[in-house]
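The values are calculated or read from the model by the stated rules, or taken from the named source; none is laboratory data. The shown structure was predicted, so the numbers you read here are calculated from the model rather than taken from an experiment. Cβ: placed from backbone, ideal geometry, glycine included. Neighbour counts: every protein chain shown. The accessibility values were calculated without ligands, DNA or RNA, using every heavy atom of the protein model including side chains. Shrake-Rupley method; radii C 1.70, N 1.55, O 1.52, S 1.80 Å.
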Amino acid sequence: MTDRRLWSYKDIAAHIKVQPDTVRSYRKHGLLPPPDHVENGKPYWYADTVRRWVAARPGNRPRP
């Protein structure tokens, strides 16, 4: 089942336990996937997009 809830910077930050400004910085530096939706100039990501991104981040890869 897909999770199509839209997450803001604040939601992503809470999920990965950082400040929203850190998530904004990730996007500015191309470390965050492109937003799935933009509303009134504000970017939003599907929860599944964020979870896939988190799983692929270097610090979160499974260790052999």
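Structure values in brief
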item	result
Residues within segment 37-56 that are more than 9 Å from the chain's Cα centre (by Cα), open to solvent by 60 Å² or more (accessible area, probe 1.4 Å) and in contact (Cβ under 8 Å) with a residue 24 or more places away in the chain, tallied	2
Total residues in segment 3-37, condition assigned to a helix (DSSP H, G or I) and either closer than 14 Å to residue 57 by Cα or hydrophobic (A, V, I, L, M, F, W, C) (or both)	8
Pair list, Cβ under 6 Å, 6 or more apart: segment 14-26 residue more than 13 Å from residue 50 (Cβ to Cβ), other residue of a type in the set (Ser, Thr, Tyr) and not in a loop (DSSP other than H, G, I, E, B)	20/9; 24/9
